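Heads up, the thing below is written out as structure tokens.
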Amino acid sequence: MSRNKIVDAAIKLFSELGYHRTSMDDIAKEANVAKGTLYYHFSGKGELFETIVNDGFAMLTEKIRQELAEDAPADRQIESIVRRHVELFLQYSELVHIISNEITNGIEPDILERIVRRKRDYIAFVADVLRRGHEDGELNELPYELAASAMLGLIESAVLHAVRHPETGTDKLHATINAFVLPALLRKK
């Protein structure tokens, strides 16, 4: 129970204040736990942030795996990946921004290395979906990890734009992302 409260408080504060401006004292206060409880669960802010990142990637991967039917056409699988990313990125837009932009400075090198590795593993997961789509004859042959990285970067940029311009709406956001991604990936028939 305390661990979940701490993680939720950290997500809120990292999103509002950024990684560097959030202190462990702030997190303990927001979670309404003693600092000893905080340090019982996490050795420091870096480990706590790493846990949040790992949990986020694990949740996203699991949701996509559950949703991806092996026999579903590649375009539906890609649309599913886009939809899940948009949902998660909108829900945690500031945290996504921090992971992508702020985190390279001031975090312990070993923790940063594990976060980068986790992100690479996730890109490889998406690349594997693209590879299978090509093997099934539905997608163009591309450097799959590069294509997956480009697709995720497009989603992230579009979501951050939509956060600054709420009038965009999620339907328009999905449609716009898919209008870029699908024609680039789908094999012409």
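The values are calculated or read from the model by the stated rules, or taken from the named source; none is laboratory data. These figures come from a predicted structure and were not determined experimentally. Don't worry about glycine lacking a Cβ; one is built from the backbone with ideal geometry, like all the others, and counts go over all protein chains shown.
Residues being out of contact with any Leu (no Cβ under 8 Å at 6 or more places or on another chain) and free of Cβ contacts under 8 Å to residues at least 60 places away in the same chain: count how many of those fall in the stretch 49-62.
Final tally of qualifying residues: 4.
Any chance you could count how many residues in the stretch 10-25 are part of a helix (DSSP H, G or I) and over 19 Å from H97 (Cβ atoms)?
Number satisfying all stated conditions: 2.
Among the residues of the stretch 135-149 satisfying the criterion of being more than 18 Å from H97 (Cβ to Cβ), in contact (Cβ under 8 Å) with a residue 24 or more places away in the chain and in contact with a helix residue (DSSP H, G or I) (Cβ under 8 Å, 6 or more places away or on another chain), which is surrounded by the most Cβ atoms within 10 Å (Cβ to Cβ)?
Filtering first and then ranking leaves L139.
L139 is checked against (1) under 26 Å from D55 (Cβ atoms); (2) modelled with pLDDT of 95 or more; (3) touching a Gly at 6+ places or on another chain (Cβ under 7 Å) and fails just one. What number does that condition carry?
Of (1) under 26 Å from D55 (Cβ atoms); (2) modelled with pLDDT of 95 or more; (3) touching a Gly at 6+ places or on another chain (Cβ under 7 Å), only one is false for L139: (1).
Given the criteria in a loop (DSSP other than H, G, I, E, B) and either of a type outside the set (S, T, Y) or touching a strand residue (DSSP E or B) at 6+ places or on another chain (Cβ under 6 Å) (or both), does V96 qualify?
no
Identify the residue in the stretch 45-79 that is surrounded by 13 or more Cβ atoms within 10 Å (Cβ to Cβ) and polar (S, T, N, Q) and, among all such residues, is modelled with the lowest pLDDT.
T61
Could you check, for the stretch 86-102, whether at least one of its residues is closer than 26 Å to R187 by Cβ and either at pLDDT below 85 or touching a Gly at 6+ places or on another chain (Cβ under 6 Å) (or both)?
no
So for the stretch 26-48 (the condition being of a type in the set (D, E), over 25 Å from Y122 (Cα atoms) and part of a helix (DSSP H, G or I)), does at least one residue qualify?
yes
Restricting attention to the stretch 18-44, report how many residues are touching a residue at least 40 places away in the same chain (Cβ under 8 Å) and crowded, with 16+ Cβ neighbours inside 10 Å.
Total satisfying the criteria: 2.
Would you check if there is a residue in the stretch 163-171 being assigned by TED's automatic domain parsing to the domain that holds A72 and surrounded by 17 or more Cβ atoms within 10 Å (Cβ to Cβ)?
No, there is no match, as no residue in the stretch 163-171 is assigned by TED's automatic domain parsing to the domain that holds A72 and surrounded by 17 or more Cβ atoms within 10 Å (Cβ to Cβ).
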